[in-house]
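One structure below.
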Amino acid sequence: MHQRTNMDWMLKDLAESVPCVRHVIVLSADGLRMAQHGADADTADRLAAACAGLQSLATAVGHEFPHGDGRMRLVVIEMSGGFFYLMAAGARAYLAVLADEGVDAGLMGQQMRDLVARIGEHLSTAPRNGEQVA
């Protein structure tokens, strides 16, 4: 898949520009891995599936804000050992990063936003048959 190969090298660029990055994954809203860097396929698939659940949970919480549209923009989780970032990256697509404790959070956010801006149209996925657009 030519487009996926192109995304893979762009994800590698993000990983190499921010020290302490372990895995970078692009996933669809339904939890399917679209591209990856730094993770084997099984790890990337597990993370993508978990991200879909997290995105759904964040959207449910977002609907509690009276003046927002409920869409998730960014989730950051700090845990022992490191950080997890999940960012909306186009229609029905998300960018996820797993990073070690020493990561520069400001640099990570900036580089993720820059990547999404550069390749956002490549990260969009069409709804699957029978799905409603969120």
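Positive-end ranking of 7, 24, 82 along the dipole of the chain, with charges on Cβ about the Cα centre, is headed by 7. Each stretch of four or more DSSP H residues adds -39500 (n - 2.57); spread over every residue of the chain, this sum gives -14500 deg cm²/dmol at 222 nm. By the count of neighbouring beta-carbon atoms within 10 Å, fewest first, 71, 113 end up ordered 71, 113.
About its Cα centre, segment 2-123 has a charge dipole of approximately 300 debye under the convention of +1 per Lys or Arg Cβ and -1 per Asp or Glu Cβ, with nothing else charged.
Put a dot 7 Å past the Cα of residue 73, heading toward its Cβ, do the same for residue 104, and the two dots end up 2.3 nm apart. Between residue 63 and residue 114, the C-beta separation translates, for a Förster distance of 22 Å, into a calculated FRET efficiency of about 0.15. Computed from the Kirkwood radius of its Cα pairs, the Stokes-Einstein diffusion coefficient for the chain at 10 °C and 1.306 mPa s stands at 106 µm²/s. A Förster radius of 30 Å combined with the Cβ-Cβ distance from residue 16 to residue 91 puts the calculated FRET efficiency at roughly 0.65. Highest GNM mean-square fluctuation among 55, 36, 110, for the chain modelled with Cα contacts below 10 Å: 110.
No lab work stands behind these numbers, since they all come straight from the coordinates. Since we're looking at a predicted model, the values are computed, not measured. Heads up, the Cβs are rebuilt from the backbone with ideal geometry, glycines too, and the neighbour counts pull from every protein chain shown.
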